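Beneath this line is the structure, given in structure tokens, with notes to follow.
The values are calculated or read from the model by the stated rules, or taken from the named source; none is laboratory data. All figures in this text were calculated on a predicted structure; none of them were measured in a lab. Reconstructed Cβ throughout: ideal geometry from the backbone, glycine too, with neighbour counts over all protein chains shown.
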Ligand code: PA5
């Protein structure tokens, strides 16, 4: 499902010299002996997830599709990005589904929140609030506003049927509310941190509601688990990519620029930025993850990549089989001078843009490129992809000797903001 090409990385480092370190870390991951090992529940998740809850997720997804025109998915960070990445990647842009998904709870923007309230005024609505703590301010603020909206619109009894809660089993501010109101609820497991939680009800319920076959997601996840269960660097391409990130960092590259060529993969890059950035960026260490969407951004950021500071390498994620394709049409005249493309597929055109850029950035710009080709963006492919990137991240973060599973730095802004907002501690 994933083809890795390291032949454009401008380094002659022999990756096999890292085999002993990879083997050591592989055992740390699988035997759960490394830093933050309480959060390694994702490693065995394809074999350990709760099938009964999974079936409830599927049923709730169906029910949401029957009862709503709009599903509000209310969450932020790890409780948001995975679901959005999955739904956009798998369904593609501008799909004509009868259920529209609107992501809320990820901003304080008065304009965004007010406009959404006005937009949904006359629509049938359901909400899935997703928060492990229940106290994340952006999410709690939006949940109060949209819960009030739903209660006012439908009354107490019907509103209970339209509110779905994904939260901690026992702790947090949402669980007591679930117990009081008897909302349908799903569990965020203790052993899986926010940025890994797309494979739990956090990501699976919004996906199921969006009409995605989540059995296929889990099948892809399991296949990747099996394919990547070896410590052998010759065959485990997730580990090859993980090692190469550290090798390129040693050559002075401090930025990893994720590059996509499909607008519906922008949120895969956003999800990756959190996965890598929040996991590695601590103790003064880590690569800065950034992203561009080409060819759009070749007309803006392309200049910097080609000729700017030599601080970055690119990780280019392409898709072999797109969701849609069409041939470029003939026209009544060639006044636009585009006839040279008549009969060519648009996907082929996109591929030539990628190949031309690769040559420009690597050969002339001297920017190392790691190439990742996805077979497709199916539900199965998405499940495979997330496990692949989890493995890459775990290996390369442990190579930095940081705890990949905590995020102590995100508390600092909250402390200051709460003081300004007058929140009692
Ligand atoms: O990765 C993380 O842990 C964070 O991004 C959290 O998911 C995010 O802050 C949301 O937290 P919560 O689910 O408690 O609302």
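Every residue in the range 183-213 that is in a helix (DSSP H, G or I) and within 13 Å of the ligand (Cβ to nearest atom), please.
194, 195, 196, 197, 198, 201, 202, 203
Take the range 394-407 and flag every residue that is buried (at least 22 other Cβ atoms within 10 Å of the Cβ) and in a helix (DSSP H, G or I).
Across the range 394-407, the qualifying residues are 394, 395, 396, 397, 398.
Going by the structure shown, is residue 132 in the same structural domain as residue 200 (by TED's automatic domain parsing) and more than 15 Å from the ligand (Cβ to nearest atom)?
Against the criterion (in the same structural domain as residue 200 (by TED's automatic domain parsing) and more than 15 Å from the ligand (Cβ to nearest atom)), residue 132 does not qualify.
With respect to residue 194, is the statement that it is assigned by TED's automatic domain parsing to the domain that holds residue 351 and touching a residue at least 12 places away in the same chain (Cβ under 8 Å) true?
Judged against the criteria, residue 194 is not a match.
Do you know which residues across the range 225-264 are within 20 Å of residue 302 (Cα to Cα) and touching a helix residue (DSSP H, G or I) at 6+ places or on another chain (Cβ under 6 Å)?
258, 260, 261, 264
In this structure, is residue 149 surrounded by 18 or more Cβ atoms within 10 Å (Cβ to Cβ) and away from the ligand (no atom under 16 Å from the Cβ)?
Taking the combined requirement at face value, the residue satisfies it.
Looking at the range 360-382, can you tell me whether even one residue there is within 16 Å of the ligand (Cβ to nearest atom), under 21 Å from residue 192 (Cα atoms) and touching a helix residue (DSSP H, G or I) at 6+ places or on another chain (Cβ under 9 Å)?
no
Which condition number in (1) away from the ligand (no atom under 16 Å from the Cβ); (2) in a helix (DSSP H, G or I); (3) farther than 21 Å from residue 62 by Cα is the one that residue 122 fails?
Residue 122 satisfies all of (1) away from the ligand (no atom under 16 Å from the Cβ); (2) in a helix (DSSP H, G or I); (3) farther than 21 Å from residue 62 by Cα except (2).
For the range 96-107, indicate whether the set of residues that are closer than 25 Å to residue 168 by Cβ and assigned to a helix (DSSP H, G or I) is non-empty.
Checked the range 96-107: no residue is closer than 25 Å to residue 168 by Cβ and assigned to a helix (DSSP H, G or I).
Return yes or no: is residue 127 more than 16 Å from residue 70 (Cα to Cα), crowded, with 24+ Cβ neighbours inside 10 Å, more than 12 Å from the ligand (Cβ to nearest atom) and in contact (Cβ under 8 Å) with a residue 24 or more places away in the chain?
Against the criterion (more than 16 Å from residue 70 (Cα to Cα), crowded, with 24+ Cβ neighbours inside 10 Å, more than 12 Å from the ligand (Cβ to nearest atom) and in contact (Cβ under 8 Å) with a residue 24 or more places away in the chain), residue 127 does not qualify.
Before we move on, is residue 27 out of contact with any helix residue (DSSP H, G or I) (no Cβ under 6 Å at 6 or more places or on another chain) and touching a residue at least 12 places away in the same chain (Cβ under 8 Å)?
yes
Report yes if residue 357 is more than 24 Å from residue 250 (Cβ to Cβ), part of a loop (DSSP other than H, G, I, E, B) and touching a residue at least 40 places away in the same chain (Cβ under 8 Å), otherwise no.
So residue 357 fails the test.
Looking at (1) in the same structural domain as residue 165 (by TED's automatic domain parsing); (2) assigned to a helix (DSSP H, G or I), find the lone condition where residue 28 falls short.
Here residue 28 clears every test but (1).
Any residue in the range 199-223 that's closer than 12 Å to residue 57 by Cα and outside the structural domain of residue 75 (by TED's automatic domain parsing): show its pairings with residues that are modelled with pLDDT under 95 and buried (at least 24 other Cβ atoms within 10 Å of the Cβ) at Cβ separation under 7 Å, as long as the two are six or more apart or on different chains.
Once the first residue is closer than 12 Å to residue 57 by Cα and outside the structural domain of residue 75 (by TED's automatic domain parsing) and sits in the range 199-223, no partner that is modelled with pLDDT under 95 and buried (at least 24 other Cβ atoms within 10 Å of the Cβ) comes close enough.
Do we find that residue 295 is in contact with a helix residue (DSSP H, G or I) (Cβ under 7 Å, 6 or more places away or on another chain) and farther than 28 Å from residue 197 by Cβ in this structure?
Yes: the conditions hold for residue 295.
Among helices (runs of 4 or more DSSP H) lying entirely in the range 225-324, which contain 3 or more residues that are surrounded by fewer than 16 Cβ atoms within 10 Å (Cβ to Cβ)?
302-307
Any residue in the range 161-179 that is buried (at least 23 other Cβ atoms within 10 Å of the Cβ), away from the ligand (no atom under 12 Å from the Cβ) and in a loop (DSSP other than H, G, I, E, B)?
The answer is yes; a qualifying residue exists.
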